[in-house]
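Each remark here refers to the structure printed beneath this line.
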Amino acid sequence: MSEIRCAFCKGTGKDPFDLLSKLATCQVCGGTGKVEVEVRAIECAYCKGTGVYPRNGRVTCTVCNGKGMVTVKGATEECFRCKGTGTAIDSGLFCINCGGKGVVVSKS
Ligand SMILES: [Zn+2]
Ligand SMILES: [Zn+2]
Ligand SMILES: [Zn+2]
């Protein structure tokens with residue numbers, strides 16, 4: 001595991017959108033400003049590493065849970081359906097084929 005700066009609150013540990021109150025802690029990192037990810041983590045394609053759900057802008061990204069990074073296991077290749085964007089071209093929701101990561105585990 002390695003520690004990265006929390007993408008959702010940008011490391012401040014505070015709720016970036018003041019959803020509860022100005023003093024509310026970030027729901028992603030619990031106020032520490034840091035989140036733990038597994039070592040083989042890549043930037044979340046769906047939110048582009050921001051940790052923010054791109055279709056709403058005030059809630060956490062459903063793909064990475066606000067961390068801005070997602071874990072991949074083994075060798076990966078670019079998702080052919082979303083071309084690595086993590087976003088379904090027709091609906092704007094996350095790509096079902098790769099789960100929004102933009103990459104899929106290569107079968108070869
Ligand atoms: Zn945070
Ligand atoms: Zn994300
Ligand atoms: Zn995809």
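The values are calculated or read from the model by the stated rules, or taken from the named source; none is laboratory data. All of these numbers come straight from a predicted model, not from anything done at the bench. Neighbour counts are summed over all protein chains in view; Cβ atoms, including those assigned to glycine, are modelled from backbone coordinates with ideal geometry. These accessible areas exclude ligands, DNA and RNA; they are computed on the full protein's heavy atoms, side chains included. Shrake-Rupley method; radii C 1.70, N 1.55, O 1.52, S 1.80 Å.
Normalised by the empirical 2.2 N^0.38 Å for globular proteins, what value does the Cα Rg of segment 25-80 take? Spell out each step's value before the answer.
Numbers: Rg = 11.9 Å, N = 56, 2.2 N^0.38 = 10.2 Å.
Expressed relative to 2.2 N^0.38 Å, the Cα Rg reads 1.17.
Binning at 5 Å from 0, report for segment 68-108 what percent of all alpha-carbon pair distances ends up in each bin.
7, 29, 32, 21, 9, 3
Once you put a point 7 Å from the Cα of T32 and another 7 Å from the Cα of M1, both along the Cβ direction, what distance in nm separates them?
0.7 nm
Solvent-accessible area per residue for the chain at a 1.4 Å probe radius, Å²?
Values: 6510 Å² over 108 residues.
Ligands and nucleic acids excluded, the figure is 60 Å² per residue.
As a test of reading the structure, rank F17, F8 by solvent-accessible area (1.4 Å probe, protein chains only), most first. Working shown, then result.
Numbers: F17 50, F8 5 Å².
Ranking F17, F8 by accessible area, largest first, yields F17, F8.
What are the extents of the Cα atoms of the chain along their three principal axes, listed from largest to smallest and rounded to whole Å?
48, 33, 13 Å, listed from the longest principal axis down.
For Y53, Y46, what's the largest-to-smallest order of accessible area, 1.4 Å probe? It would help to have the intermediate numbers written out before the result.
Working: Y53 45, Y46 5 Å².
Final ranking, largest accessible area leading: Y53, Y46.
Got a number for carbon plus sulfur as a percent of segment 46-108's accessible area, 1.4 Å probe? Don't skip to the answer; put the middle values down first.
Values: 2030 of 3680 Å².
Of the solvent-accessible surface of segment 46-108, carbon and sulfur hold 55 percent.
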